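The values are calculated or read from the model by the stated rules, or taken from the named source; none is laboratory data. All values derive from a computational prediction rather than experimental measurement. Glycine also receives a Cβ, built like all others from the backbone with ideal geometry; neighbour counts cover every protein chain displayed.
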Amino acid sequence: MTHILTIALAAGLAACSANTGSTPAVMAHDHAVDAIAREWVEAHDFNGVIMSSAPGHPAYQLVVGVADPDTARPLTADTAFQTGSVEKYFAAIVVFALMDEGVLDIDTPISAYLPDYRSDTGDQLTLRHILSNQSGLPNDILQAFRRAANGEMEAVEAIRVPDAVSLYASGDLGFEPGAQFDYVLSNWLLVQHLLEEVTGLPYPQLRARFVFDPAQMRQSGGYLNDLFNTDPRVDDVAIGFDPGDPAGQGDYWSPSFFRGSYTTAADMIALERALADGRVLSAARLELFRTVQAPQQAYAFGGRYRDWELCGEPRPVSTQSGSNGASNMTSAFDIQSGYAVAIMTNVDESQGEMFALSARLMETMMGCGE
């Protein structure tokens, strides 16, 4: 793989090329962070972006490789990546923001919000069940992806959201809601539909209003099908690929009725800081939002919160991750200290390894690492 390296260390992420020989003025821990990050990049043949951030200090960012293998367009500090399952985190935030406004309640049966939804299920299901992936709904949305893969893409693309909910998010319950955890994509089709029905607004508009705008996530947005069709339109996007097989795994296509999103490493950290600062949710709502509902999975509402051993003591950390085909992203935010690391790649990489690097970088920033 051809590597293009960039270090960015400045409040505005002003980049200087590693090939120019220039030496950024960095704090002592930035030198250590850089050494660890570069060693890891080399060992993993990494293609992507690594960003670490300490409160009150310039951010560190290492950019490695290409955004599009077909054109050899390089990655930049501003390259947008698919969020994958982090879209669930965004959707859950929208729900909690509407709770702050008195529009929704997570313990009210969803039949109160969706009168046309099958009542035998809607009278049992609540947003608490759905947002914590404990609904009992079958993962019928996978049928749509299989149909598209088997030559029916146009037919699947023509399905309207209400019809998609009837087809793919209304199956018979497999267990009593709340009884167990089951990571089901159909839950999130139902959430997006419910939000649109209750507010009368398109889901992407709600996501921008309640997530991207208050967090000042200026380089985040949505897409239809894939990152070749972004809204708002952006060209600096990361296209997933397999460097060992040009015809191999890329990013999966998604039907228009199931909305996806893109973001940057800087924007993910900006979101966590905005949540912590009270710019997105009220304090009471944020406390509930971070409360784990499925302990064995460390799953709260749309995302995971874990206790990490950092500098010899357990610390609560927001650990968000998402993938779609070859693209992967992780975000780790120490709730107590505000130290943060976001890692994004468009070449398949272990999220466990990405989180392990995040923990090392956090400890280094805290002064107890290598």
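Miscellaneous remarks
- Check on I106, farther than 23 Å from S331 by Cβ and either of a type in the set (S, T, Y) or at pLDDT 95 or above (or both): yes
- Of all residues in the range 102-128, those that are farther than 24 Å from S282 by Cβ have Cβ atoms under 9 Å from Cβ atoms of residues that are of a type in the set (K, R), 6 or more apart or on another chain, in S111/R118.
- Restricting the range 217-247 to residues that are surrounded by fewer than 15 Cβ atoms within 10 Å (Cβ to Cβ) and in contact (Cβ under 8 Å) with a residue 40 or more places away in the chain, the residue that is nearest to L127 (Cα to Cα): R218
- A single member of V95, V64 is among the β-branched types (V, I, T) and either within 30 Å of G244 (Cα to Cα) or in contact with a strand residue (DSSP E or B) (Cβ under 6 Å, 6 or more places away or on another chain) (or both), and it is V64.
- Every condition in (1) closer than 27 Å to R304 by Cβ; (2) in contact with a strand residue (DSSP E or B) (Cβ under 6 Å, 6 or more places away or on another chain); (3) surrounded by fewer than 16 Cβ atoms within 10 Å (Cβ to Cβ); (4) of a type outside the set (S, T, N, Q) holds for P204 except the one numbered (3).
- Extreme residue, nearest to G303 (Cα to Cα), among residues of the range 229-252 that are assigned to a loop (DSSP other than H, G, I, E, B) and β-branched (V, I, T): I239
- Some residue of the range 187-200 being of a type in the set (S, T, Y), under 11 Å from S135 (Cα atoms) and either buried (at least 17 other Cβ atoms within 10 Å of the Cβ) or in contact with a helix residue (DSSP H, G or I) (Cβ under 9 Å, 6 or more places away or on another chain) (or both): no
- Each residue in the range 326-370 was checked for being in contact with a helix residue (DSSP H, G or I) (Cβ under 7 Å, 6 or more places away or on another chain), closer than 29 Å to A72 by Cβ and of a type in the set (S, T, Y), and 2 of them qualify.
- Restricted to helices (runs of 4 or more DSSP H) entirely inside the range 253-370, those with at least 2 residues that are under 15 Å from the mean Cα position of the chain (by Cα) are 265-276, 351-366.
- Considering Q192, Q205, the condition of being part of a helix (DSSP H, G or I), without any contact (Cβ under 8 Å) to a residue 12 or more places away in the chain and not acidic (D, E) is satisfied by Q205 alone.
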